[in-house]
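Peer 1: I have a structure I would like to understand better, so I am pasting it below and will then ask my questions one at a time.
Any read-out appearing in this document is the output of simple, stated calculations on the displayed coordinates, not a laboratory observation. The structure displayed is predicted, hence computed values, not measured ones. Cβ placement follows ideal geometry from the backbone for every residue including glycine, while neighbour counts extend to all protein chains displayed.
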Amino acid sequence: MSDRQKTLAAAFQLSGVGIHSGQETTLQCLPAPENSGIVFEKGKKQIPALIQNITDTKRGTSLGGILVVEHLLSAFFALGVDNVRIKVSGAEIPAMDGSSQPFVEAIQSAGIKEQSSPKTYIELSAPIRIEEKDAKLEALPYSGFMVDFMVNFSPVGTQKLVFDLQKGDYAGEIAPARTFGCSEEIEALKQQGLGRGASLENSLVLNQSGYINLPRFKDELVRHKILDLIGDLALLGRPLRAKIKAVKSGHKMNAELVRRILNNG
Ligand SMILES: [Zn+2]
């Protein structure tokens, strides 16, 4: 694997409904110069994909007021794309099918181009650990990038998976895993004016007795949690060498880990 920075070989465009607004939004991703990082553009406003620009972590990660950036950022981070301009027409990234697979496919068909500057990895000198109630998130020094995740949702039980970015296949094993939620939770969200675009076409939905629609993997929930975590780690602004151990972690805790890594513990 080359250690030079990468951008897109060509621009691509995707449109779709936002999971919260329910409105059609368009996304245009363009090649960007080396060392520029990933930068969202909304009108004249430029919002670099960096932790200090997080505006919310309750229902997905919002950046400078743009909702649900994590699935798109997960695809760029996992495919090693460092520099991109992302123009957005609305206040939300299109949900597509609720996974990052459509983004991976668009990136792969546009192509990835190597640039001349080297990547500058973040490396850890000591473990960083965050605990909150029964949730835990740890980053340990490691030569590659690995995530070990465990979740537990009552109707389907415990799911645990170890994913190594170098040895594994992000496009096949992680990217297709969709956003999930409980049917009652989705109803409650709709009453708050959120989740208006959520449907069985872009979410894996659970009720008290299990899945309502067919899962793509028997452990799709933990795979999506890994997808989300990778997307949140993209807010480091640089690639990371670490082994991440997560138990029931979510966007808020992931964001806290990013801050702690940047502050060296
Ligand atoms: Zn997600």
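Peer 1: Excluding residue 100 itself, what net charge comes from residues whose Cβ is under 14 Å from its Cβ, given Lys and Arg +1 and Asp and Glu -1?
Peer 2: -4
Peer 1: So which GluC sites (Glu not before Pro) in the stretch 149-231 pass both tests, a DSSP loop state and at most 14 other Cβ atoms within 10 Å of the Cβ?
Peer 2: Taking the stretch 149-231 and a limit of 14 other Cβ atoms within 10 Å, the loop GluC sites (Glu not before Pro) found are 201.
Peer 1: Mind checking the dipole of the chain: about its Cα centre, +1 per Lys or Arg Cβ, -1 per Asp or Glu Cβ, Debye to the nearest 20?
Peer 2: Roughly 460 debye for the chain.
Peer 1: Residue 164 to residue 152: extension gain in nm, 0.36 nm per residue of separation minus the Cα-Cα distance?
Peer 2: 2.2 nm
Peer 1: Same structure, new question: Between Rg and the Kirkwood Rh of the chain, both from Cα atoms, what is the Rg to Rh ratio?
Peer 2: 0.94
Peer 1: Just rank 251, 224, fewest to most, by other beta-carbon atoms within 10 angstrom.
Peer 2: Starting with the residue having the fewest Cβ neighbours, the order is 251, 224.
Peer 1: Can you list the HN-Hα couplings for the stretch 204-216, worked out from phi with the Karplus curve (6.51, -1.76, 1.60; θ = phi - 60°), rounded to whole Hz and with x for Gly and Pro?
Peer 2: Coupling constants for the stretch 204-216: 8, 10, 10, 10, 4, 9, x, 6, 8, 9, 6, x, 7 Hz.
Peer 1: Additional query: Along the positive direction of the dipole of the stretch 4-119 (beta-carbon charges: Lys, Arg +1; Asp, Glu -1; about the Cα centre), which of 66, 52, 101 reaches farthest?
Peer 2: 52
Peer 1: While we're on this one: What is the stretch 61-141 by shape, rounded, prolate or oblate, if you read a ≥ b ≥ c off the alpha carbon gyration tensor as root eigenvalues and call it rounded for a/c under 1.5, prolate for a/b larger than b/c, and oblate otherwise?
Peer 2: oblate
Peer 1: Could you tell me the ratio Rg/Rh of the stretch 4-119? Both radii from Cα atoms, Rh via Kirkwood.
Peer 2: Taking Rg over the Kirkwood Rh, I get 0.94.
Peer 1: Just grab the label-to-label distance for residue 252 and residue 121, each label 7 Å out from Cα along the Cβ direction, in nm (one decimal).
Peer 2: Here the answer is 3.3 nm between the modelled labels.
Peer 1: Comparing 107, 130, 93, which has the greatest mean-square fluctuation in the GNM of the chain with Cα pairs linked when under 10 Å apart?
Peer 2: Evaluated over the chain, the most mobile residue of the options is 130.
Peer 1: If we count other beta carbons within 10 Å of each Cβ, what is the order of 79, 140, fewest first?
Peer 2: Lowest count first: 140, 79.
Peer 1: Of 117, 36, how do they rank once you tally other Cβ atoms within 10 Å and put the fewest first?
Peer 2: Least crowded to most crowded, the residues run 117, 36.
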